[in-house]
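Chemist: Sharing a structure, written as structure tokens. Questions coming.
The values are calculated or read from the model by the stated rules, or taken from the named source; none is laboratory data. It should be emphasised that the depicted structure is a prediction, and the values quoted were computed from it without experimental measurement. Cβ placement follows ideal geometry from the backbone for every residue including glycine, while neighbour counts extend to all protein chains displayed.
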Amino acid sequence: MELKLRLKELQEKELSCLSNRELEELIENMLENIGAIDPELRDHLIYPTFIRFIDEGMLSEDNRLYLFNTCLDDHHLFYKIGEINTDSVFTRSFSSLVLTGLLSYDRQVGQFSKDYIDLSFKKAIDYLSLELDTRGYVEEKGWAHSIAHGADLLVSIVKHPLFNKGQFHEVLEVLENCLFKDATYIDDEDERLIFVLEALHETNIDEKMLEDWIIQIFNGLESIYENEGFSNNYFRKKFNITNFLKTLYFRIGFKRVQEMIKESLNTLHQKVYS
């Protein structure tokens with residue numbers, strides 16, 4: 001039976017109707033098509049079905065570990081990493097979303113060891129660093145949203161009780177990397193990246209660390225100006241950074257950080273428009 005039809009039928013049924021063999025065969029078929037360019041199949045059938053399997057406890061420990069390891073591998077999260085404007089981004093991006101679901105569920109059940117959480121963190125950092133296809137919505141093919149989905153994955157790791165709080169610097173570094181990618185974020189990527197900072201805030205990140213990081217971001221933007229002047233590249237990076245920091249201003253309750261953002265954005269405005 002065609003996968004799309006099978007998944008549509010399953011939407012109207014209890015998952016308990018599946019035998020173990022049927023479940024495992026369906027998981028394999030869904031993994032093979034996780035990056036399908038048909039947005040209905042990918043966004044509205046495969047991904048939600050994976051989340052149903054996870055959240056409704058349909059997956060055994062072995063199933064969850066298999067799905068975790070498969071989605072992290074070079075054929076999924078890192079499938080053809082480095083390509084730009086090709087369909088491979090859908091496989092990478094939606095693998096990260098399934099991993100997000102698995103890690104969020106594991107916060108409740110506690111199956112994954114610290115080694116697994118450390119591995120997922122390393123892979124998430126590598127993925128967000130290496131991903132070059134930063135498209136949000138792709139006409140006729142739906143959401144790619146690689147940076148947003150990668151940020152969701154990072155949030156699920158930072159919120160996990162086994163996350164190593166000594167890795168705050170690495171999280172901030174990869175967020176900065178995302179802001180300085182060759183991209184213009186217009187599909188709420190800034191909101192999704194802010195979720196990572198909110199997770200760090202909940203995990204008691206030091207306010208001074210956040211202040212130093214914001215200064216570093218502005219210094220990076222200034223470095224582009226010194227090398228290129230008011231280039232297209234400068235204005236694209238400025239667009240990403242200012243949108244991100246405006247959102248951060250209203251979402252993080254550190255008063256000194258808010259004041260720093262306000263002053264820095266005002267200085268930037270005077271520099272560009274005075």
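Chemist: Condition (residue is within 13 Å of the chain's Cα centre (by Cα) and under 13 Å from L130 (Cα atoms)) applied to segment 71-86: is it met by at least one residue?
Modeler: Start the filter on segment 71-86 by keeping residues that are within 13 Å of the chain's Cα centre (by Cα), which leaves 77.
With the extra rule that they be under 13 Å from L130 (Cα atoms), the set shrinks to 77.
Within segment 71-86, one or more residues are within 13 Å of the chain's Cα centre (by Cα) and under 13 Å from L130 (Cα atoms).
Chemist: Which of the numbered conditions does C71 fail, given that it passes all the others? Conditions: (1) farther than 30 Å from G166 by Cβ; (2) surrounded by 18 or more Cβ atoms within 10 Å (Cβ to Cβ).
Modeler: Result: C71 fails condition (1) only.
Chemist: Any residue in segment 14-26 that is exposed (fewer than 13 other Cβ atoms within 10 Å of the Cβ), polar (S, T, N, Q) and in a helix (DSSP H, G or I)?
Modeler: yes
Chemist: While we're on this one: State whether the residues of segment 249-264 include one that is hydroxyl-bearing (S, T, Y), modelled with pLDDT of 95 or more and either in contact with a strand residue (DSSP E or B) (Cβ under 9 Å, 6 or more places away or on another chain) or surrounded by 13 or more Cβ atoms within 10 Å (Cβ to Cβ) (or both).
Modeler: Narrowing segment 249-264 to residues hydroxyl-bearing (S, T, Y): 249, 264.
Still in the running and modelled with pLDDT of 95 or more: none.
Scanning segment 249-264 turns up no residue that is hydroxyl-bearing (S, T, Y), modelled with pLDDT of 95 or more and either in contact with a strand residue (DSSP E or B) (Cβ under 9 Å, 6 or more places away or on another chain) or surrounded by 13 or more Cβ atoms within 10 Å (Cβ to Cβ) (or both).
Chemist: Filtering segment 93-121 down to residues that are among the charged types (D, E, K, R) and touching a Lys or Arg at 6+ places or on another chain (Cβ under 8 Å), which residue is surrounded by the fewest Cβ atoms within 10 Å (Cβ to Cβ)? Steps first, answer last, please.
Modeler: If we filter segment 93-121 for residues that are among the charged types (D, E, K, R), which is where we start, we get 106-107, 114-115, 118.
Of the ones still in play, those that are also touching a Lys or Arg at 6+ places or on another chain (Cβ under 8 Å) are 106-107.
Details: D106: 21, R107: 13.
The qualifying residue surrounded by the fewest Cβ atoms within 10 Å (Cβ to Cβ) is R107.
Chemist: Continuing with the same structure: Of the conditions (1) over 20 Å from V155 (Cβ atoms); (2) in contact (Cβ under 8 Å) with a residue 40 or more places away in the chain; (3) small (G, A, S), S223 clears all except one; give me its number.
Modeler: It is condition (2) that S223 fails.
Chemist: Would you confirm whether any residue within segment 222-244 is buried (at least 19 other Cβ atoms within 10 Å of the Cβ) and in a loop (DSSP other than H, G, I, E, B)?
Modeler: no
Chemist: From the residues in segment 201-213 that are out of contact with any Leu (no Cβ under 7 Å at 6 or more places or on another chain) and not charged (D, E, K, R), which one is farthest from E259 (Cα to Cα)?
Modeler: For segment 201-213, the residue satisfying everything is T203.
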